[in-house]
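The values are calculated or read from the model by the stated rules, or taken from the named source; none is laboratory data. Everything quoted here is computed from the prediction, not taken from an experiment. Here the Cβ is made from the backbone with ideal geometry for all residues, glycine too, and neighbour counts use every protein chain on show.
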Protein chains: 2
Amino acid sequence: MTLPQLQSLQCSDCPIRHRAVCSRCETDELQMLDTIKYYRSFEAGQPIIWSGDQMNFVGSVVTGIATLTQTMEDGRTQMVGLLLPSDFVGRPGREGAAYDVVATTDVVMCCFRKKPFEDLMLETPHIAHRLLEMTLDELDAAREWMLVLGRKTAREKIASLLAILAQRDVSLSKNAASGEVTFDLKLTREAMADYLGLTLETVSRQMSALKKSGVIVLESKRRVKVPDMRLLIEEAGDDTDGGVVG
Amino acid sequence: MTLPQLQSLQCSDCPIRHRAVCSRCETDELQMLDTIKYYRSFEAGQPIIWSGDQMNFVGSVVTGIATLTQTMEDGRTQMVGLLLPSDFVGRPGREGAAYDVVATTDVVMCCFRKKPFEDLMLETPHIAHRLLEMTLDELDAAREWMLVLGRKTAREKIASLLAILAQRDVSLSKNAASGEVTFDLKLTREAMADYLGLTLETVSRQMSALKKSGVIVLESKRRVKVPDMRLLIEEAGDDTDGGVVG
DNA sequence: CGCCAGCTTGAGGTGCGTCAAGAGGAGTGG
DNA sequence: CCACTCCTCTTGACGCACCTCAAGCTGGCG
């Protein structure tokens with residue numbers, strides 16, 4: 001989906017219509033949103049927002065992947081969120097951004113200037129409620145991730161990340177096969193390390209280890225086949241069969 | 001504040017009136033809440049909710065401290081949230097609880113049955129908005145904590161936790177002194193370890209180390225004096241002067 | 001007084017980080 | 001077509017921060 005294609009897109013035909021912050025809106029509410037929305041695209045590697053910056057827009061990821069990261073003075077960085085299509089960026093009622101948002105692949109966002117959006121939210125409970133729901137989902141995902149960061153081994157961390165990415169992929173592309181899944185790994189080893197609280201060397205080693213024990217097959221460095229999801233989930237140390245994650 | 005004292009408490013006199021989910025309510029809205037609320041108390045060590053249980057109430061912590069924890073099959077546990085007075089428990093719109101909630105000290109909660117609360121929320125935007133705001137704050141705190149868990153050293157982790165607890169204390173008891181702060185550590189070494197993704201031995205060692213270098217003074221095992229907050233925050237590795245945290 | 005939960009401290013092991021060298025693949029230019 | 005560069009990724013050797021196991025201390029309470 002390219003930007004020119006999207007510029008003329010009606011909300012009713014939007015690919016994230018049923019999952020995004022607008023998913024609960026009636027047609028008249030959608031028309032209101034339609035009048036204040038605009039699309040923006042970002043190239044892979046480009047920053048979308050810097051931590052501390054004044055935020056003058058909010059919006060949804062339409063296509064592509066972006067990351068939320070925090071950085072310490074000495075350069076240590078930790079990814080604190082992965083933004084996939086339909087995920088919301090920005091916090092109504094807040095001035096500055098709390099984290100760096102960076103496009104990992106090419107990204108298209110559906111944006112609203114902040115003030116008009118906040119005004120609209122006040123008189124449109126469907127939006128406010130959906131946003132609350134999405135925020136609660138993100139909170140769950142963040143807490144799930146705290147267990148990964150705090151208590152899992154490197155191998156379990158890698159398995160957890162792969163399981164989440166694989167399942168996201170399944171749920172989007174209705175690749176329904178319960179056993180085997182194949183997907184593109186859209187993160188570099190370094191990005192994976194930043195997400196997992198590891199170094200990129202450790203990520204590489206554990207990927208090799210999982211490959212060696214047959215849990216995953218690397219069709220290329222960035223394309224992963226999971227012959228048996230059950231096995232992967234077991235490696236992740238999860239009792240839940242991996243549902244969760246907003 | 002004991003339970004008998006609280007049972008007859010008017011919302012307008014409530015100690016968490018200005019911070020809890022009801023803080024934005026007008027007097028008539030408060031009266032509505034008053035009619036459906038009830039108090040419950042839990043002894044230190046008691047579970048408040050088990051993960052997976054049906055949740056039939058939501059509520060606010062009035063006094064005491066509770067913890068949100070996740071546990072893996074093999075017993076590894078990670079604390080994913082610390083509930084202090086005014087914090088909200090439960091998620092409107094969800095069936096089951098996602099985490100174990102345990103009272104760390106004696107706890108008194110102001111509860112609402114879930115269904116009536118959800119109904120009231122639909123017609124009371126002040127509550128819904130405040131809840132969104134509080135959820136965003138929690139999300140920020142969770143993400144802040146992801147950096148702690150993923151990238152900080154044991155010493156920095158301890159310092160981060162102490163800094164948060166100290167600052168919470170200051171903001172409640174208007175202990176305004178910018179330099180020196182003293183507070184009760186209401187967590188065991190083990191609970192601290194669960195929060196920080198460490199073992200209790202490492203917590204103990206790093207507490208001793210911080211004591212030895214004069215960053216903290218232990219008036220007793222559970223009472224901590226911070227002679228200079230600046231120093232503590234520096235040890236935590238934070239560039240932010242510790243504002244944050246809802 | 002003895003008991004027990006919570007805490008401290010030590011000695012030794014290990015998982016992951018650090019540092020360093022090199023392999024693979026994509027793009028550019030001759 | 002090769003030569004060259006740049007970037008990502010892999011692999012190895014080594015060290016350290018933190019975990020594990022174990023012993024002993026402290027203070028509150030019967």
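I'd like to check something: does the range A:172-179 contain any residue that is touching a strand residue (DSSP E or B) at 6+ places or on another chain (Cβ under 9 Å), assigned by TED's automatic domain parsing to the domain that holds A:LYS221 and without any contact (Cβ under 8 Å) to a residue 40 or more places away in the chain?
yes
Filter the range A:198-217 for residues that are more than 11 Å from DNA strand C (Cβ to nearest atom) and either in a strand (DSSP E or B) or within 14 Å of chain B (Cβ to nearest Cβ) (or both) and give the result.
Hit for the range A:198-217 is A:VAL217, nothing else.
Select, from A:VAL170, A:VAL217, A:VAL181, A:VAL224, the only residue that is more than 20 Å from A:ASP238 (Cβ to Cβ) and among the β-branched types (Val, Ile, Thr).
Being more than 20 Å from A:ASP238 (Cβ to Cβ) and among the β-branched types (Val, Ile, Thr) holds for just one of A:VAL170, A:VAL217, A:VAL181, A:VAL224, which is A:VAL217.
For the list (1) within 30 Å of A:ASN56 (Cα to Cα); (2) in contact with an Asp or Glu (Cβ under 9 Å, 6 or more places away or on another chain); (3) surrounded by fewer than 22 Cβ atoms within 10 Å (Cβ to Cβ), I need the number of the one condition that A:ASP169 fails.
Condition not satisfied by A:ASP169: (1).
Only one of B:ALA166, B:ALA159 is in contact with a Ser or Thr (Cβ under 9 Å, 6 or more places away or on another chain), farther than 25 Å from A:LEU136 by Cα and part of a helix (DSSP H, G or I); which?
After ruling out the rest, the residue left standing is B:ALA166.
In the range A:179-201, what residues are under 19 Å from A:LEU147 (Cα atoms) and of a type outside the set (Gly, Ala, Ser)?
A:MET192, A:ASP194, A:TYR195, A:LEU196, A:LEU198, A:THR199
Is it true that A:MET121 is more than 30 Å from A:LYS212 (Cα to Cα) and within 11 Å of another protein chain (Cβ to nearest Cβ)?
So A:MET121 passes the test.
Quick check: is even one residue across the range A:110-118 in a loop (DSSP other than H, G, I, E, B), at pLDDT 90 or above and out of contact with any helix residue (DSSP H, G or I) (no Cβ under 7 Å at 6 or more places or on another chain)?
no
Which residues, counting only those in the range B:64-79, are more than 7 Å from chain A (Cβ to nearest Cβ) and without any contact (Cβ under 8 Å) to a residue 40 or more places away in the chain?
Once the filter is applied, which keeps residues that are more than 7 Å from chain A (Cβ to nearest Cβ) and without any contact (Cβ under 8 Å) to a residue 40 or more places away in the chain, the range B:64-79 yields B:LEU68, B:THR71, B:ASP74, B:GLY75.
Is it fair to say B:GLU180 is away from chain A (no Cβ under 14 Å) and away from DNA strand C (no atom under 15 Å from the Cβ)?
The answer is yes for B:GLU180.
Return the residues of the range A:58-75 that are over 18 Å from A:MET192 (Cβ atoms) and either outside the structural domain of A:GLN10 (by TED's automatic domain parsing) or in contact with a helix residue (DSSP H, G or I) (Cβ under 6 Å, 6 or more places away or on another chain) (or both); say none if nothing qualifies.
If the condition is that a residue be over 18 Å from A:MET192 (Cβ atoms) and either outside the structural domain of A:GLN10 (by TED's automatic domain parsing) or in contact with a helix residue (DSSP H, G or I) (Cβ under 6 Å, 6 or more places away or on another chain) (or both), then A:VAL58 is the only one that fits.
Hey, can you tell me all the residues within the range B:117-147 that are more than 17 Å from the chain's Cα centre (by Cα) and closer than 19 Å to B:MET79 by Cα?
B:LEU147
Name the pairs: first residue in the range B:202-223 and touching a residue at least 40 places away in the same chain (Cβ under 8 Å) and within 9 Å of DNA strand D (Cβ to nearest atom), second residue among the basic types (Lys, Arg) and not in a strand (DSSP E or B), Cβ to Cβ under 7 Å, at least 6 apart or on different chains?
B:VAL203/B:ARG189; B:GLN206/B:ARG155
Which of the residues belonging to the range B:29-50 are among the β-branched types (Val, Ile, Thr) and surrounded by 13 or more Cβ atoms within 10 Å (Cβ to Cβ)?
B:ILE36, B:ILE48, B:ILE49
This table checks each residue for (1) surrounded by 22 or more Cβ atoms within 10 Å (Cβ to Cβ); (2) modelled with pLDDT of 95 or more.
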position	(1), (2)
A:THR104	no, no
A:GLU123	no, no
A:HIS126	no, no
A:HIS129	no, no
A:LEU139	yes, yes
A:MET146	yes, yes
A:LEU149	yes, yes
A:THR153	no, yes
A:ILE164	no, no
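Could you list, in sequence order, the residues of the range A:185-197 that are within 13 Å of DNA strand C (Cβ to nearest atom) and either at pLDDT below 95 or crowded, with 21+ Cβ neighbours inside 10 Å (or both)?
A:MET192, A:ALA193, A:ASP194, A:TYR195, A:LEU196, A:GLY197
So which residues in the range B:18-76 are touching a Phe, Trp or Tyr at 6+ places or on another chain (Cβ under 7 Å), in a strand (DSSP E or B) and over 24 Å from B:ASP169 (Cα atoms)?
Hits for the range B:18-76 are B:LYS37, B:PHE57, B:VAL58, B:GLN70.
How many of the residues in the range A:185-201 are without any contact (Cβ under 8 Å) to a residue 60 or more places away in the chain and either more than 6 Å from DNA strand D (Cβ to nearest atom) or aromatic (Phe, Trp, Tyr) (or both)?
Matching residues across the range A:185-201 total 6.
Determine, yes or no, whether A:GLU180 is away from DNA strand D (no atom under 16 Å from the Cβ), farther than 21 Å from B:ALA142 by Cα and over 17 Å from the mean Cα position of the chain (by Cα).
So A:GLU180 fits the description; yes.
Being basic (Lys, Arg) and more than 20 Å from B:ALA142 (Cβ to Cβ) narrows it down to one of B:ARG76, B:ARG19, B:ARG40, so name that one.
Result of the check over B:ARG76, B:ARG19, B:ARG40: B:ARG40.
If only one of B:ASP169, B:ASP100 is under 13 Å from the mean Cα position of the chain (by Cα) and of a type in the set (D, E, K, R), which one is it?
B:ASP169
Out of A:ARG143, A:ARG130, report the one residue that is under 20 Å from A:ALA191 (Cα atoms), within 11 Å of chain B (Cβ to nearest Cβ) and not aliphatic (A, V, I, L, M).
A:ARG143
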